[in-house]
1. Just for the range 136-158: of the residues that are outside any helix (DSSP H, G or I) and open to solvent by 60 Å² or more (accessible area, probe 1.4 Å), which one is modelled with the lowest pLDDT?
2. Within the range 1-118, considering only strands (runs of 3 or more DSSP E) that don't extend past its boundaries, which have at least 3 residues that are closer than 30 Å to C134 by Cβ?
3. Here's a check for you: in the range 312-321, which residue that is open to solvent by 20 Å² or more (accessible area, probe 1.4 Å) and without any contact (Cβ under 8 Å) to a residue 40 or more places away in the chain is nearest to the chain's Cα centre (by Cα)?
4. Limited to the range 325-338, what total is found for residues that are in contact with a helix residue (DSSP H, G or I) (Cβ under 8 Å, 6 or more places away or on another chain) and assigned to a helix (DSSP H, G or I)?
5. Among the listed residues K332, K350, which satisfies the condition of being more than 18 Å from N300 (Cβ to Cβ) and either under 22 Å from the mean Cα position of the chain (by Cα) or surrounded by fewer than 17 Cβ atoms within 10 Å (Cβ to Cβ) (or both)?
6. Would you check if there is a residue in the range 358-374 being of a type outside the set (A, V, I, L, M), open to solvent by 10 Å² or more (accessible area, probe 1.4 Å), under 22 Å from F5 (Cβ atoms) and modelled with pLDDT of 95 or more?
7. I'd like the residue in the range 53-70 that is surrounded by 15 or more Cβ atoms within 10 Å (Cβ to Cβ) and small (G, A, S) and, out of all such residues, is farthest from F33 (Cα to Cα).
8. Tally time: how many residues in the range 71-91 are open to solvent by 70 Å² or more (accessible area, probe 1.4 Å) and under 15 Å from E3 (Cβ atoms)?
Amino acid sequence: MQEEFLHFIWKYKKFDIGKARTTNNLNLFILDFGNHNHSSGPDFLNAKVEIDHQLWAGNVEIHIKSSDWYLHRHETDPNYDNVILHVVWEDDIEVFRKDNSTIPTLELKKLVHPDSLQNYKSLLLNGSKKWINCEKDFHFFDDFTMKNWLERVYFERLEKKSIKIAEMLKFTENNWEEVLFKLLFRNFGLKLNGDSFESIANSINFKVIQKLGSSPFKMEALFFGQAGLLNKDVDNVYFNSLKSEYQFLKKKYNLDESTVISPHFFRLRPDNFPSIRLSQLSQLYSNIPHLFSEVIKIKNKKEFYSLFNSSTSEFWETHYTFKKEHKGRKKKLTQNFIDLLIINTIVPFKYSYLKEIGNEEAIEILNLVEQVDQEKNSIVENFNLLRSKTATNSAHSQALVQLKTEYCDKNACLQCGLGVKLIRGLI
C-alpha cells in the first residue's frame, strides 16, 4: 500500500462514501474533499466535513497507518493544527490535538471499491517484470486520451530544459545570442561529445566569437585550438596554418583551454568526427553572425534546413583527420542532423524566449516540432510496438522519453494521466 494511492482514493472518491463513519462510530458527511496540496503541510486543504451534526472546515491529512502521524512528527508541527480529519488505511492509534481532544479518523480499509484496489494491484505489483506497468493495457488508450497526455508530458520536458536555459541566461547576463551559441555547440557534439563541445564553448569569451565572425579560417583555428586538436605536430600545411593562427589568437585574447574536455573520435561515424562538426560550426557562425534573430524569426522546418545549410571548409572536403586524404565531397549538415538541432536546441530555446517576452502561446512551438519526424530510439520503438502509431512526430517521441524516464521507470502511475485512468476503470 502506498500513501499516494490513498490520495488517489480520496481525490477521486473511489470509496463507499455513504458508509463513511469515524472510527469512534460518529456520522460523517464529506461536503468538500479539499484541494490536493503538493507542497509541504497537510495533504488536502480547505475541506469541509460534518461530524455528528457539527460542521468542520479545515485540512485533511492522509496516512497508511494512524501512527504515521507520530512517525512524521506532525504533533510538533503547527501546520497540522487545523487538521479536521485523519484519513488512514489502518487505524492503529489515537491521534490527539494540543487540547487533548482526538482528531476524528476515517479508516478506508473496508470502504475502498474492490475494482479500484484490484486495478491498483494489477498495475503496480510485479512491476519489475514488465517494461512498463501498463504494457498489457497500453493499446486500449484512445487517440484523444493519448494525444492530450503526450502533449502535457512534452511541455513538462520543455519546462525542464528551460530551467537550464534560464540558468545560462543568468550566467551570461541575459545574452540570448551567447546562450544560443553554447546550446548549439553542445548539440553539435551529439551524445558522445556533448560535454566536450559544451566545455569548448564555455572556454571561449563570446565577444571573441563576435570579433572573428567574418573569418571562417580564424574561427576554425579558434575552435580546433581550444578543443586541443592542434597540440600535436603534424606534417600538414593546413594544420600548421591553423596552429600558427591559434597561437596568435591565444596570446591576443588570453585564451585558456585547461578546462576543456578532450573530444572523442572512437565509436563515431566519420561524418560525426569532432573535426567535421567543428569546421561546420565555424562556417555557420562566419556566414550568419547574428544567428539569434534568424532563429527567432523562422517558424517552419524547411526554413531551418536552409538556415543550417552549412558545410565544412575546403580542406575537410577531402579529409576526416589531418593525416589522411580521401576523394573529395561536400560535407553539409544533413536534414536528420538539423532535425536533432530543431528538437534539442531550437525548440527549447524558442520556447524559453517566448516565455521570457510574455508570449506563452504553445501553438508556434507545437507547429514546429510536429513538422519533424519522430526520433528513432528503443523507447519510441517499444511504445509503438505496444500501441500502433503512438509516435508520429518528434513531439510524441520526446514526450514518450519523458513518460518512460519520469513516470514509468519511477512507478509514478498515480501521477500519470494514463495510469489514473486505468485505476479509475475508465479504460
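1. Step one: of the range 136-158, the residues outside any helix (DSSP H, G or I) are 136-137, 141-142.
Filter once more, keeping what is open to solvent by 60 Å² or more (accessible area, probe 1.4 Å): 136, 142.
On the way: K136: 92, D142: 95.
Among those residues, the one meeting the criterion is K136.
2. On the way: elements: 28-32, 44-51, 54-65, 83-90, 105-107.
The qualifying strands (runs of 3 or more DSSP E) are 54-65, 83-90.
3. Taking the range 312-321 first, the residues open to solvent by 20 Å² or more (accessible area, probe 1.4 Å) are 314-315, 317-318, 320-321.
Among the residues that remain, those that are also without any contact (Cβ under 8 Å) to a residue 40 or more places away in the chain are: 314, 317-318.
Numbers: E314: 39, E317: 37, T318: 39 Å.
Restricting to residues being open to solvent by 20 Å² or more (accessible area, probe 1.4 Å) and without any contact (Cβ under 8 Å) to a residue 40 or more places away in the chain, the top hit is E317.
4. 2
5. On the way: K350 fails: more than 18 Å from N300 (Cβ to Cβ).
The conditions single out K332.
6. Within the range 358-374, the first condition is being of a type outside the set (A, V, I, L, M), and the residues that meet it are 358-361, 364, 367, 370-371, 373-374.
If we keep only those that are open to solvent by 10 Å² or more (accessible area, probe 1.4 Å) as well, we get 358-361, 364, 367, 370-371, 373-374.
In the following step, the residues that additionally are under 22 Å from F5 (Cβ atoms) were identified as none.
For the range 358-374, residues of a type outside the set (A, V, I, L, M), open to solvent by 10 Å² or more (accessible area, probe 1.4 Å), under 22 Å from F5 (Cβ atoms) and modelled with pLDDT of 95 or more: absent.
7. Per the stated criteria, the residue is S67.
8. In the first step, residues of the range 71-91 are kept if they are open to solvent by 70 Å² or more (accessible area, probe 1.4 Å); the result is 71-73, 75-76, 78-79, 81-82.
Subset that is under 15 Å from E3 (Cβ atoms): 71-72.
Looking only at that region, the number is 2.
The values are calculated or read from the model by the stated rules, or taken from the named source; none is laboratory data. Everything numeric here is computed off the predicted structure, so don't read it as measured data. Cβ atoms come from the backbone with ideal geometry, glycine included; neighbour counts cover every protein chain shown. With ligands, DNA and RNA removed, areas are computed over all heavy atoms of the protein, side chains included. Shrake-Rupley method; radii C 1.70, N 1.55, O 1.52, S 1.80 Å.
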